[in-house]
Amino acid sequence: MKRTWMSGGVAMLALVACPMAATGQVAPAAAPAQAAAPVEAMARDYVAQNRTPGIVIAYGIGDSGPVFASAGRIAMEADAAAAGPDSLWRVYSMTKPITAMAAMMLVEDGKLKLDQPIADFFPGFRQMKVLTDPANSLDSRPATTQITVRHLLTHTAGLGYSIITKGPLLKEYERLGITPGAVSAMFEAQARPLRPTSLKEFAERVATLPLIAEPGTKWSYSISLDLLPAVIEAAAGMPFEQFLQTRMFGPLNMTSTYWTVPQSEVGRFATNYAWAGDNRLPLDPARTSAYLTPPSFPYGGAGLVMSARDYDRFLHMLANGGAVGTVRVMKAETVRLAMSDLLPAGVSYAGAPSGSGGAAGPKMGYGAGGSVQLEDVAGGASKGTYGWGGAAGTVAWVDPARKLRGTVMVNYFPSDKWPLRADAARAVYAQAAR
């Protein structure tokens with residue numbers, strides 16, 4: 001069974017097919033070869049079965065450092081580097097929890113409120129309209145509710161997404177360049193001329209478009225975590241990238257996290273592939289990747305390239321209540337709030353759309369940029385487990401009850417070609433039970 005707490009990042013195949021379209025106590029570790037057996041076996045099997053050229057899995061319990069299991073290479077070529085803890089991967093929608101935690105830092109600072117209208121920062125959102133027949137026209141009525149920070153954090157703002165929105169609204173998103181994400185150099189050549197060149201311009205363009213639903217009434221996967229950085233930038237009084245570097249990446253020593261991969265690091269950057277039936281085709285080779293050129297603006301919903309080591313540092317901070325070692329970046333109460341069910345009253349989350357790898361699972365809620373499990377799973381994740389995944393197969397989660405965290409790095413579309421999320425969770429929890 002797929003678990004929606006590890007879902008996310010609708011696979012960008014729509015774009016590919018149509019380019020415009022407190023310290024914990026840990027038991028003593030066993031000998032390394034025995035300690036990682038289930039996880040290492042799973043990683044080796046995925047490469048041996050030719051499901052992926054390479055894979056890296058990181059997991060940790062309590063305040064311990066991560067254990068890494070790696071297999072294969074970062075590309076199909078025989079001379080490609082071995083996959084390892086510091087290999088670089090496109091995490092796509094696993095960027096969303098990072099953006100969401102940045103917003104929660106500002107909530108902690110008192111510079112944002114969860115139920116604050118974003119029109120306080122961008123007045124164009126004060127009088128939004130809601131489509132009355134989304135499938136067939138742009139006819140609309142005035143919205144009766146303001147879009148708030150909570151709505152952006154939980155995909156309940158009524159916004160669309162070019163990778164899933166249909167009909168006339170999709171054409172408007174494409175016309176205005178509301179396509180926040182990089183897939184390949186070919187896609188970039190077509191998309192970039194139409195896109196806004198700043199978060200402010202992105203927000204102002206989005207404000208001119210109608211909504212697919214009344215804010216606060218429906219969970220719908222969206223560009224909300226790409227719009228949120230514009231709000232963060234305005235509230236913080238500094239560029240979004242600078243805020244993240246100052247408040248999160250720098251303090252947590254996340255030194256392999258990039259919006260743009262430097263030429264000096266291309267040798268450890270994985271190629272992204274697309275499965276076409278049983279054929280695996282290079283979609284975004286590392287040496288010519290779209291990620292070697294700065295993005296039109298920082299895509300808070302899908303823009304980061306990261307190592308497994310760096311993403312584990314982010315998860316370690318969450319699992320440990322906002323701190324890693326002596327470095328604290330968030331208060332424990334802020335982290336608990338962020339990883340709780342933040343959905344507006346009366347709204348439910350039934351799982352991410354097809355292609356994200358999260359079609360079914362236990363009872364779920366939704367927190368700040370990630371799903372939240374509302375019940376225990378026998379032999380698996382605990383109630384309160386928070387996480388999300390990416391369009392290219394990556395997945396990450398934090399189980400606060402067990403202080404357990406897990407990260408899986410691969411790069412291929414579609415994310416649910418193989419049952420990687422379920423297999424990885426099974427292996428990690430089997431290891432944790434030892």
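Computed from the coordinates by the stated procedures, all read-outs in this text should not be read as laboratory data. Because the structure is a prediction, the values reported are computed rather than measured. Positions of Cβ are backbone-derived with ideal geometry, glycine not excepted, and every protein chain shown enters the neighbour counts.
Along the Cα-to-Cβ line of D376, 7 Å from the Cα, sits a label point; which residues in segment 397-425 have backbone N less than 14 Å from it?
400-403
Provide I223, I163 in ascending order of the number of other Cβ atoms located within 10 Å of each residue's Cβ, fewest first.
Least crowded to most crowded, the residues run I163, I223.
Round to a whole angstrom and tell me the spacing of the C-alpha centers of segment 402-434 and segment 195-222.
Taking the Cα centre of segment 195-222 as reference, the centre of segment 402-434 is 32 Å away.
Can you work out the FRET efficiency for the pair D79 and T144, with r the C-beta to C-beta distance and R0 = 51 Å, to the nearest 0.05? Mind showing how you got there, number by number?
Values: r = 60 Å, r/R0 = 1.18.
Efficiency computed from Cβ-Cβ geometry: 0.25.
Please give the length that would be gained between E333 and N279 if that part of the chain were fully extended, namely 0.36 nm times their separation in residues minus their C-alpha to C-alpha distance (nm, one decimal). Before the final figure, lay out each step's value.
Values: separation 54, 0.36 × 54 = 19.44 nm, distance 4.73 nm.
Gain on stretching E333 to N279: 14.7 nm.
Going by Cα centres, segment 39-118 and segment 241-290 are how many Å apart?
With segment 39-118 and segment 241-290 each reduced to a Cα centre, they are spaced 11 Å.
Charges at C-beta only: +1 for Lys and Arg, -1 for Asp and Glu. How large is the resulting dipole of segment 112-237 about its Cα centre, in Debye rounded to 20? Intermediate results must be reported in sequence, preceding the final value.
Details: 13 positive and 12 negative charges, 16 e Å.
I would put it at about 80 debye.
Evaluate E = 1/(1 + (r/R0)^6) for R126 and S340, where r is the Cβ-Cβ distance and R0 equals 30 Å; express this FRET efficiency to the nearest 0.05. Each step should come with its number before you reach the end.
Details: r = 29 Å, r/R0 = 0.96.
The computed FRET efficiency comes out at 0.55.
Order of L199, L292, L152 from fewest to most other C-beta atoms within 10 Å?
Numbers: L199 26, L292 19, L152 30.
Lowest count first: L292, L199, L152.
In nm, to one decimal, how far is the modelled label at T288 from the one at K383, with both set 7 Å along Cα→Cβ?
5.3 nm
Calculate, in nm to one decimal, what L114 and M186 gain on full extension: separation in residues at 0.36 nm each, minus their alpha carbon distance. Please report the intermediate quantities before stating the final value.
Details: separation 72, 0.36 × 72 = 25.92 nm, distance 3.87 nm.
Full-extension gain reported as 22.1 nm.
Could you calculate the contour length gain from T197 to A430, that is, 0.36 nm times the residue separation minus the distance between their Cα atoms, to one decimal place in nm?
Values: separation 233, 0.36 × 233 = 83.88 nm, distance 4.66 nm.
79.2 nm is the gain from fully extending T197 to A430.
What pairs from K113/K383; K218/K363; K383/K403; K129/K166; K331/K403; K129/K218 go past 19 Å between their alpha carbons? Walk me through the numbers before you get to the answer.
On the way: K113/K383 26 Å; K218/K363 17 Å; K383/K403 12 Å; K129/K166 17 Å; K331/K403 16 Å; K129/K218 15 Å.
With Cα atoms farther than 19 Å apart: K113/K383.
Long-range amide H contacts for F413: which residues qualify at under 5 Å (H placed 1.01 Å from N, peptide plane, sequence gap of 5 or more or a different chain)?
For F413, the qualifying residues are Y273, A274, W275.
Under the √(5λ) rule applied to the eigenvalues of the Cα gyration tensor, what semi-axes describe the equivalent ellipsoid of segment 112-237? Give them in Å, descending.
On the way: eigenvalues 93, 72, 29 Å².
Over the Cα atoms of segment 112-237, the semi-axes work out to 22, 19, 12 Å.
Measure off 7 Å from each Cα along the Cα-to-Cβ vector at D423 and Q49, then give the distance between these two points in nanometres to one decimal.
Between D423 and Q49, the label points sit 0.4 nm apart.
Size of the dipole of the chain about the Cα centre, Lys and Arg at +1 and Asp and Glu at -1 on the beta carbon, nothing else charged, in debye to 20? Could the numbers behind the result be given before it?
Values: 39 positive and 33 negative charges, 73 e Å.
It comes to approximately 340 debye.
Can you find, among L404, W219, P414, the residue farthest towards the positive end of the dipole of the chain? Put +1 on the C-beta of Lys and Arg, -1 on that of Asp and Glu.
L404
Using +1 at the C-beta of Lys and Arg and -1 at the C-beta of Asp and Glu, which of M330, S371, H155 has the Cα lying farthest in the positive direction of the dipole of the chain?
Farthest towards the positive end: S371.
Using the 10 angstrom Cβ neighbour count as an exposure proxy, how do D310, D79 rank, fewest first?
Values: D310 25, D79 6.
Lowest to highest Cβ neighbour count: D79, D310.
Once Rh is set to the Kirkwood radius over Cα pairs, what Stokes-Einstein translational diffusion coefficient, in µm²/s, holds for the chain at a temperature of 20 °C and a viscosity of 1.002 mPa s?
Details: Rh = 21.4 Å.
Approximately 100 µm²/s, per Stokes-Einstein.
Mind checking which aspartates and glutamates have their C-alpha under 13 Å from K96, skipping anything on the same chain fewer than 8 residues away?
Filter leaves D226.
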